[in-house]
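Let me begin by presenting the structure, written as structure tokens, before commenting on it.
The values are calculated or read from the model by the stated rules, or taken from the named source; none is laboratory data. Keep in mind it's a predicted model, so treat the numbers as computed, not measured. Please note: Cβ atoms are built from the backbone with ideal geometry, for glycine as well, and neighbour counts cover all protein chains shown. Ligands, DNA and RNA are stripped out before the accessible areas are found, and what is left, the full protein with its side chains, is counted by its heavy atoms. Shrake-Rupley method; radii C 1.70, N 1.55, O 1.52, S 1.80 Å.
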Amino acid sequence: MNRDTLRSILAHDNSASARAVLAELEAGADFEVNLNSTASAHLLWTNWSTRQETMCEMGIIPSRPGFDEAIERLHAAGTAGVRMGTVTGPQKRYLIFLSEDLTRCVASW
């Protein structure tokens, strides 16, 4: 995947988190998308919602917005295949979850 394609995918997502990822990408952040495998959005939702619940029980608040929304969006994606990736800038690292066909952002934070 090239930078322009990822930029376009993120630009079509109106979430605050995707806008933050896009800004980091446009500022020159490194990125990587795993094109070799996918995971079920449901499986990812199960894993991340369990982490979310544990964090809440421990009184831990995610350091940047978008975590709760991303978990909801993974849930809404059902059993669809998702490709995972990262966008890493000098101060922040974001997780991105893209549709299997690489046409939309399923979730990010």
For this session: Of all residues in the stretch 1-36, count the ones that are in contact (Cβ under 8 Å) with a residue 40 or more places away in the chain and polar (S, T, N, Q).
Result: 4
Exercise. Surrounded by 14 or more Cβ atoms within 10 Å (Cβ to Cβ), free of Cβ contacts under 8 Å to residues at least 24 places away in the same chain, touching a helix residue (DSSP H, G or I) at 6+ places or on another chain (Cβ under 9 Å) and under 19 Å from S37 (Cβ atoms): does that describe S108?
Worked result: no
Exercise. Are there any pairs with C-beta distances below 8 angstrom linking a residue in the stretch 40-54 that is closer than 12 Å to V82 by Cβ and of a type in the set (S, T, N, Q) to a residue that is at pLDDT 95 or above and not in a helix (DSSP H, G or I), with the two at least 6 apart or on different chains, and if so which?
Worked result: S40/T79; S40/A80; S40/G81; S40/V82
For this session: Could you list all residues from the stretch 17-57 that are open to solvent by 60 Å² or more (accessible area, probe 1.4 Å), closer than 20 Å to D68 by Cα and not hydroxyl-bearing (S, T, Y)?
Result: R19, H42, L43, W45, N47, R51, E53, C56, E57
